[in-house]
Amino acid sequence: MSMFFVFIVLSTISFITGLPGAQAQETDIFQHPNTEQAGIKKSLEQQIGAGRGDINTPDSSLYIISRDPFRSIRRGRNLFQRKFTISQGMGPRNGDGFGDISADASLGAGLADSCAACHGRPRGSAGFGGVVFTRPDSRDAPHLFGLGIIEMLADEISQDLRQTRDQAIAKAKGGRQSVEVSLKSKGISYGTIRVNPDGSVDPSRLEGVDEDLRVRPFFHHGGTISIREFVVGALNGEMGMEAFDPDLAKAAKGGEVVTPSGMVLNGKIDTIEAPPALSESDDLDRDGVANEIPVSLVDHLEFYLLNYFKPAIGRQTRDAEQGQKLFQDIQCTGCHIQNLVIEKDRRVADVETSFDRRRGIFNDLFAVATPLFQEVPGSGTPSVKKPKGQRFVVKNIYADFKRHNLGPKFWERNWDGTLTKELMTEPLWGVGTTAPYGHDGRSIDLWSVIMRHGGEAQNARDRFARLPEVKQGQIIDFLQTLVLFPPDDTASNLNPGDSQSHNFPQYEHGNIALPSLFNDPSDLE
């Protein structure tokens, strides 16, 4: 690989976070012309481009994802932050907020005009910050850092579990006798199944996963398989914007598709959520706007979230280091597993962000970006770029991708009067900067949410409670090192910044000129 190519790659990664000086929510400069030229530099029509097209259709989503993937990520970020308007199809909510909420919880979701309205903290990130009335006691909107990693881990675990089951079925049928097997993946146990000689499966001893052995990592109760379903559903439920997505439509009818982000959706073995619109001409909310979210926008949003940053590791102290050891000693890592491995990484770049007092010139954090793609020889100019698909160790995620019963203090009331008693283990990365805590936001600090644990976590909670106050504090110090970060204010190997510059951080002509993470002011995406 030539040094020139390395320079181009690293410069191109600057597209990952998007516009210089981007805020949590933005309009474009055509809607709101201003002297500072602050805002998204493309109109919505320009972002739609040539539609989905193909890898040979310039300005289409498939062309950009294949040949200029970091521009797609950048466009996805701008779409995530865009404040949509009524004339563009924003609103009304499903049924204008009227209907049977026990049948459709999205009726209580409220009405937002951008994705960042619920996922916008810290500043400029795909973070946290929203509360929705989709359950009687509300739901907190979680941060979306590392979302693609979560999708890939859950998908690989599902494949492993199903492979074990299918092998057991073949063995039971071939040997004409029952077979009992343990279901494990990535060091995580999901209980056992018993397969009868006729191939039927007894799932009564499964743990933390549905009988179809599909890990559904999204939403606190574990309800959705893929980023694409999450995006299309949230656009409709929270923003009143109906997408016709041919990928979801085909998979929901039993077909198999591979999305532009490489996620396999197979309606033959999984229940896939159908898009709200059945064709580009549908106007189900009768607001006079059809095709409110063209498929090219869904493609860019999915690709953006697939490649979104992992959370950072903040300042380490001796107390925090001791707290990490205590966290293991009291067996919190029985559910909050520190590191997991992806066997085939579908991302095109990775960003590692950690405390660095010398180089982290604004917030004491410094990010190192690494490309994860390869060029396809003879594919034209610009060349097609494919993920390397290599093995990747996911560090400090602290999750086990299972549902657990944490006792009555975590049980969730549903609209029909039932209780949801099992919830997905929340990954702890980012937990130091995402108060309040719990799926419902009812725990005000880390100590409170730890003490709230019961059920399957009762023993670990009791071991924490018996610790001296100093050692409890050390565990909390450790958890507070697992942080989110504002991309535009984080120095990096691509833009180290200058702490001596006047009015740091400095804005020039609408572009943050100093420690903005992966900025390229020459790009007008």
Work through the residues other than residue 211 whose Cβ is under 15 Å from its Cβ and net out their charges, Lys, Arg +1 and Asp, Glu -1.
+1
Could you please state, rounded to a whole Å, how far the C-alpha centre of region 87-155 is from the C-alpha centre of region 38-69?
25 Å
Step by step: find N for the chain, compute 2.2 N^0.38 Å, then divide the Cα radius of gyration by it. What's the final number?
0.98
Using DSSP to define loop residues, name the chymotrypsin sites (Phe, Trp or Tyr not before Pro) in region 97-178 whose beta-carbon has at most 12 other beta-carbon atoms within 10 Å.
98
For region 239-390, the Cα-Cα pair-distance distribution in 5 Å bins from 0, as whole percents, is 2, 7, 10, 12, 13, 13, 13, 11, 9, 7, 3, 1, 0
Output for region 277-335: GluC sites (Glu not before Pro) sitting in coil per DSSP, at most 16 other Cβ within 10 Å, listed by number, reads 280
Using the Cα gyration tensor of region 186-308, with a ≥ b ≥ c the square roots of its eigenvalues, what is the shape: rounded (a/c below 1.5), prolate (a/b larger than b/c) or oblate (neither)?
prolate
Convex hull per residue volume in Å³, alpha carbons only, for region 157-202
54 Å³
For region 36-104, take the alpha-carbon Rg, divide it by the Kirkwood Rh, and send me Rg/Rh.
1.13
Do you know the relative contact order of the chain, to the nearest whole percent, from alpha carbon pairs under 8 angstrom that are 6+ apart?
18 percent
Just for the Cα atoms in region 120-201, what are the lengths along the principal axes, largest first, rounded to whole Å?
60, 29, 16
Give me the Debye-computed log₁₀ of I(q)/I(0) at q = 0.22, 0.26, 0.29 Å⁻¹ for region 361-417, equal point scatterers on Cα only, no solvent, two decimals.
-1.02, -1.15, -1.22
What number comes out for the charge environment of residue 254, summing +1 per Lys or Arg and -1 per Asp or Glu over other residues with Cβ under 13 Å away?
+1
Above 23 angstrom, tally the Cα pairs of region 311-470 and express them as a % of all pairs, no decimals.
53 percent
Which is the longest run of the chain containing none of the trypsin sites (Lys or Arg not before Pro) found in DSSP loop states (not H, G, I, E, B) with at most 11 other C-beta atoms within 10 Å?
1-175
Whole-percent carbon and sulfur contribution to the accessible surface of the chain (1.4 Å, no ligands, DNA or RNA) stands at 51 percent
Reachable lysines, given that their alpha-carbon falls under 19 Å from the alpha-carbon of residue 388 and they are not under 8 places away in the same chain
310, 344
Leaving out ligands and nucleic acids, and using a 1.4 Å probe, what accessible area per residue does the chain come to in Å²?
43 Å²
Remind me, relative contact order of region 246-394 in percent, using alpha carbon pairs under 8 angstrom and six or more residues apart?
17 percent
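The values are calculated or read from the model by the stated rules, or taken from the named source; none is laboratory data. What you are looking at is a predicted structure, and each value in this text was computed from that prediction instead of being measured. For neighbour counting, all protein chains shown are included, and Cβ atoms are generated from backbone atoms with ideal geometry for every residue, glycine included. Protein only, heavy atoms only, side chains kept; ligands, DNA and RNA dropped before computing areas. Shrake-Rupley method; radii C 1.70, N 1.55, O 1.52, S 1.80 Å.
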